[in-house]
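Here's the structure, in structure tokens; my notes come after.
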Amino acid sequence: MRSGNFAKITAGISVVVVMGVVWMLSSRSRVHAQDDNNQGNNYQVQQGFAIAKQLGIPLNLAGKDPNLVGLGSYLVNAVGDCNGCHSSGSPTSLFIYPYLGNSIPPAPPFAGGNPYFNQREKLDLSVYLNGGTNFGTVGTPTGPNGYTGPAIITRNLTPDYTGKAEGGHSLAEFMDIIKNGKDYDHVHPNCTADQITEINNGGTPICIPTGVIDDTGFNNIPDGKLLQIMPWVTFSHMTDNDIQAMYEYLSSIPCIDNTLVPGPAGDPNELRNQCGPEPIVPAVQAKDDNEGSKAFRSRRMIRMGSGAQ
């Protein structure tokens, strides 16, 4: 064998050996990274179940992936403050906090339960993720005739009579809501030309005034087909697995039926959630104003109409 050929063969073998070593090292790296990621998820799953147990949240795991439920609990209760916005607040805290046993200031017979009062956290499960916080109007005071649009009220995230989360939305719809901000209920669409005319005549249709009005300084261009208050833009960066976990968790918590109790002033039918067994009658809506500072409830909101998030 010629020395040149021998050198080529030796070099070729060396390259193969080196490539093999690199492949083995990279494979081990990937396996270790995957193991570390799974280990992290396992910790989060365990913590999610620990949180639910600590807060006394009963979970229905029938037909559900426990790992997704546990991770979802961690994301909903520890990473995101979902209950902070999607709760009407406890009546004993004047609708300000979603905790049990609170008066302002705390006094018997309420033993406490508000961490902000240096008390041990005790959730009021009757308002856990039941919706009802009123964020006020989405428009601007420079709209036609000063109209600012409907009040935005957070929605009930508990499952309905079908067992689906967020009042009956499918996983695909929930993914679309979180990733793209789509409002499937169409509760605050952009105003039509006829509705702008109605507003100029003193009306308050449930729509968002948009566009540019010459000589008024009005320049408002939100898209009423998208959620306007819900921070879906931030949540859209989550992984599909995380979003699915949130959905699985929200499907496992108790349904809160708020079709027969007064809701926030002007709340839309979309805030109504029926635990079963039949679909909600579209005409069902609270008739009375439920006073409370957390939701900014007032007769003014009833007159102005509302939207929901």
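Diffusion coefficient (Stokes-Einstein, Kirkwood radius over C-alpha pairs, 37 °C, 0.692 mPa s) for the range 128-190: 246 µm²/s, rounded to a whole number. Note on Q46 and L94: their simple-model spin labels are 4.3 nm apart, each label 7 Å out from Cα toward Cβ.
Among K64/K164; K53/K122; K64/K182, which pairs are too far apart, with a Cα-Cα distance over 21 Å? Violating the 21 Å Cα-Cα cut-off are K64/K182.
Sum up the charges of everything whose Cβ sits under 13 Å from the Cβ of Y247, counting Lys and Arg as +1 and Asp and Glu as -1, but leave Y247 out. Its environment carries a net charge of -4.
Quick note: the coordinates plus some simple rules give every number you see, no bench work behind them. Fair warning: this is a prediction, and the values are worked out from it, not measured in the lab. Here the Cβ is made from the backbone with ideal geometry for all residues, glycine too, and neighbour counts use every protein chain on show.
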